[in-house]
Structures are given as C-alpha cells and as structure tokens.
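Enquirer: The following block contains the structure, expressed as structure tokens.
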Amino acid sequence: MEVKIPSYVYIQKNAINKLSKVLERIGSQNPVMLTDGIVRELMAEKIEKLPFGGIFIVEKASILQARDVVLNVGYGDVDAVVGIGGGKVLDVAKVVATELNAEFVSVPTTASHDGIASPVASFKENGKPISISTKPPIAVIADTELIKSCPKRLIHSGFGDLISNITAVKDWRLARDLTGESYNEVAVAIASMPAHLMVKKAKEQGFRLEDDIETLLRGLIMSGVAIAIAGSSRPASGAEHKFSHALDYLGYGSGTHGEQVGLGTIIFEYFYEKAYNDGDWGLIRESLKAVGAPTKAEEIGLSKEQVLEALSYAKKIRRKRFTILEALDLSKEDFEKALRETEIVD
Ligand SMILES: [Zn+2]
C-alpha cells in the first residue's frame, strides 16, 4: 500500500508567505484557490500577488458546493487546489482536489479539528453527518499568527479533537486483541504521542497560546498523517467520536465537534480505567478544564437525558468499527454512574 503524507509542512509565524514557494516546488502551473469571504478580505493584498487561475468563495460545506466549483473549473488543467480557511473551506477543497485529480494544499485559518491535514472530508447532508475519503494534502501551511487570532473556542475544540486520539487508539488496540483487526503501531504512535504531550502540558501550565498553538497544530497535522497511514480514521476516531456523531444525528446541544469528542473522551477514558485499569479520566478532565474546554454537559446545552440517549445511540453508529462500546455492552445504569462520577452531569 502506498501511503501519501504531506511533503511540505510549515507551522510558523507568517507561514502563508511560503505558499508561492510551495506551489513552485510542487510544479503547479495552474492553481485555484478556495476560501471564504472573510479570509479573502482579510488577506486581499497577499492573495492578489499569488498566481491563482481562479478564486472561489465557499459558502456552505456541501458536496453540491464542491461539484459547483468542479463544474466552474471545468476539469481544465487545474493542477493544485489551495484551500485557505476553516473546516468548511478545507472540506470542500479536499473534494474538489480529489475530483480534479489535482494536488491539495491545506492552509488552515483555525486549529479546531484534525481535518486540517486528514484525507477525509466531513459534511452534513440533510442534517446528517457523512464523511468522504479524499486525497491527503501535499502541503500544509499553518500560519500561527493567523490561527492565533481565531476564536478561543475553536482552539479548545482542536485540543479536544487531538486528545480524543487517546481513547481512539485504545479502541483500535481492543479491536486488534478481541477481533483480530489489523493494526498499525506507527499510526498509533503518531496519533497518540502528541495527544499525551498536550494533556501533560495543559495540566502543568494550562494552554499558553503563544507557546502551545504550535504544539497543538503539530498534533492535529500528525493526526491527519496517522489517518493517511492507517488508511482510515481509526487512530483518531473511536467510541468518543461515535458519541459525538450520535449528538449530531440526534441534533442535540450546541457543542462543536471538538467539544463533543472532548466530553466523550472523559467518558470512555473512565470506562477504560474502570474495566481495563488503563487510563486516567481525571487527567483528561483536568486538561480540558485547564484549556477552558467544557467538561460538563450543560456547558454545551445538553441535558442528562440527551447525553444518555446519545450514548446508547452511539452503539448503533458504525457498528463495524469495534470499540469499547461493543466490547463492554454498557447499560444505561453504567452510563449514568460514569456521568455522575465524572461530574459531566450533576
Ligand atoms: Zn474528530
């Protein structure tokens, strides 16, 4: 199996200035750019200097939007698709690049989830979440100066998505041991090491934007690489993601993806600690608290009943992905106890 991982990764102040060099290095003659209205305005001066054959404004994260761009481009000789923006823009850009068989260059303006470098695009179609496999980015240009100015909530969301790798890889290990699923230690190490590092740092010193944004971005980009190596989201998505998807399906609460999986990570780390003596849910909770991420259901507009319903609904999601949910067959009482003990609900 051939694994494609990014050839160029820049995580630094003013990294955006590297974009024209990167386009040159990958031999792009006819790149197009996808962005949103705000970013376009913000960076008008810089963007104008770049050799784009077309600039498209992404209004909605949808497959339709991606198709629209593809039709507009007309399968011409576009050889690179540069996405500059948040998750919405990057998801559409990934699909467009894949459709056009062009290189994808990811220029995230937030650090809110691991989609910034992953070969997966996530959309909501008719209110239901779906994911599409796409080609991985050939380059990731993360401008820390730009990203630092994004809302704090998006940064702690990225933290939640990164540390969810801790329970995700345990689920994978469980699947290997109990069902014989193939397993990749390199992908596991790449996904989980930055997550553990981030938790430890947060516990010791909170989240210091100036120093820690780089570590967070590096971790999120490595999650994307781990997904590319594994050939699926396995190393970055386990039971805690099923819980988050369940909330999305049910339409409960107001949490971001990262906030939801952060709560899910506390819950399933709790069960790993109780059932397998492998985990420290208190540490996960402390670290989320230290970065200002929610650790209580009510903080993202969820009632106890809604969380319980989502946890039992989570068992129905992606049954083929074996997780602790399948291994333990947890009851409503088990969930209630976990929520009480972890103080996710009072
Ligand atoms: Zn995620």
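Enquirer: Here's a check for you: in the range 318-333, which residue that is assigned to a helix (DSSP H, G or I) and in contact (Cβ under 8 Å) with a residue 24 or more places away in the chain is farthest from G180 (Cα to Cα)?
Expert: The selected residue is K332.
Enquirer: Could I ask something else about it? Looking at the range 87-98 only, could you name the residues that are surrounded by 24 or more Cβ atoms within 10 Å (Cβ to Cβ) and either within 16 Å of the ligand (Cβ to nearest atom) or not assigned by TED's automatic domain parsing to the domain that holds N14 (or both)?
Expert: L90, D91, K94
Enquirer: Could you tell me which residue of the range 290-330 is nearest to E341 (Cα to Cα), considering only residues that are of a type in the set (G, A, S) and surrounded by 22 or more Cβ atoms within 10 Å (Cβ to Cβ)?
Expert: Checked the range 290-330; the qualifying residue nearest to E341 (Cα to Cα) is A297.
Enquirer: Which of the residues that make up the range 198-220 are farther than 23 Å from V107 by Cβ and either of a type in the set (D, E) or open to solvent by 90 Å² or more (accessible area, probe 1.4 Å) (or both)?
Expert: Hits for the range 198-220 are K200, K203, E204, R208.
Enquirer: Can you say whether G224 is touching a Gly at 6+ places or on another chain (Cβ under 6 Å), surrounded by 15 or more Cβ atoms within 10 Å (Cβ to Cβ) and either at pLDDT 95 or above or not assigned by TED's automatic domain parsing to the domain that holds E273 (or both), as far as the supplied structure shows?
Expert: no
Enquirer: If A139 meets every condition in (1) within 14 Å of the ligand (Cβ to nearest atom); (2) more than 15 Å from the chain's Cα centre (by Cα); (3) aliphatic (A, V, I, L, M) apart from one, which number is that one?
Expert: Of (1) within 14 Å of the ligand (Cβ to nearest atom); (2) more than 15 Å from the chain's Cα centre (by Cα); (3) aliphatic (A, V, I, L, M), only one is false for A139: (1).
Enquirer: Sort out which residues of the range 112-149 are closer than 23 Å to Q260 by Cα and of a type in the set (S, T, N, Q), and write them in order of number.
Expert: S112, S118, S122, N126, S131, S133, S149 - these are the residues of the range 112-149 that are closer than 23 Å to Q260 by Cα and of a type in the set (S, T, N, Q).
Enquirer: Also: Would you please list the contacts, defined by Cβ atoms under 9 Å and residues six or more apart or on different chains, that run from a residue in the range 68-93 that is more than 25 Å from E24 (Cβ to Cβ) to a residue that is of a type in the set (K, R)?
Expert: As it stands, the answer is K88/K60, since those pairs meet every condition given.
Enquirer: On to the next question. Evaluate the range 233-247: report whether one residue or more is of a type in the set (A, V, I, L, M), touching a residue at least 40 places away in the same chain (Cβ under 8 Å) and open to solvent by 10 Å² or more (accessible area, probe 1.4 Å).
Expert: No, that holds for no residue.
Enquirer: For the range 192-247, which residues satisfy the criterion of being farther than 23 Å from Y272 by Cβ and not aliphatic (A, V, I, L, M)?
Expert: Result: Q205, G206, F207, R208, E210, D211, D212, E214, T215, R218, G224, G231.
Enquirer: Hey, any hits in the range 214-223 for a residue that's of a type outside the set (D, E, K, R) and without any contact (Cβ under 8 Å) to a residue 24 or more places away in the chain?
Expert: yes
Enquirer: Next question. Among the residues of the range 99-121, which ones are surrounded by 20 or more Cβ atoms within 10 Å (Cβ to Cβ) and closer than 19 Å to V70 by Cβ?
Expert: L100, A102, E103, F104, V105, S106, P119, V120, A121
Enquirer: Out of the residues in the range 230-256 that are part of a helix (DSSP H, G or I) and in contact with a strand residue (DSSP E or B) (Cβ under 8 Å, 6 or more places away or on another chain), which is nearest to the ligand (Cβ to nearest atom)?
Expert: Filtering first and then ranking leaves H245.
Enquirer: How about the range 22-39: which of its residues are open to solvent by 100 Å² or more (accessible area, probe 1.4 Å) and not in a loop (DSSP other than H, G, I, E, B)?
Expert: Of everything in the range 22-39, those that are open to solvent by 100 Å² or more (accessible area, probe 1.4 Å) and not in a loop (DSSP other than H, G, I, E, B) turn out to be E24, R25, I38.
Enquirer: Could you tell me which numbered condition V81 fails, if it satisfies all but one of (1) open to solvent by less than 10 Å² (accessible area, probe 1.4 Å); (2) within 27 Å of H156 (Cβ to Cβ)?
Expert: Exception for V81: condition (2).
Enquirer: With respect to I166, is the statement that it is assigned by TED's automatic domain parsing to the domain that holds R234, in contact (Cβ under 8 Å) with a residue 24 or more places away in the chain, in a helix (DSSP H, G or I) and open to solvent by less than 10 Å² (accessible area, probe 1.4 Å) true?
Expert: yes
The values are calculated or read from the model by the stated rules, or taken from the named source; none is laboratory data. The shown structure was predicted, so the numbers you read here are calculated from the model rather than taken from an experiment. Don't worry about glycine lacking a Cβ; one is built from the backbone with ideal geometry, like all the others, and counts go over all protein chains shown. Remember, those area values only see protein heavy atoms, side chains included, never the ligands or the DNA or RNA. Shrake-Rupley method; radii C 1.70, N 1.55, O 1.52, S 1.80 Å.
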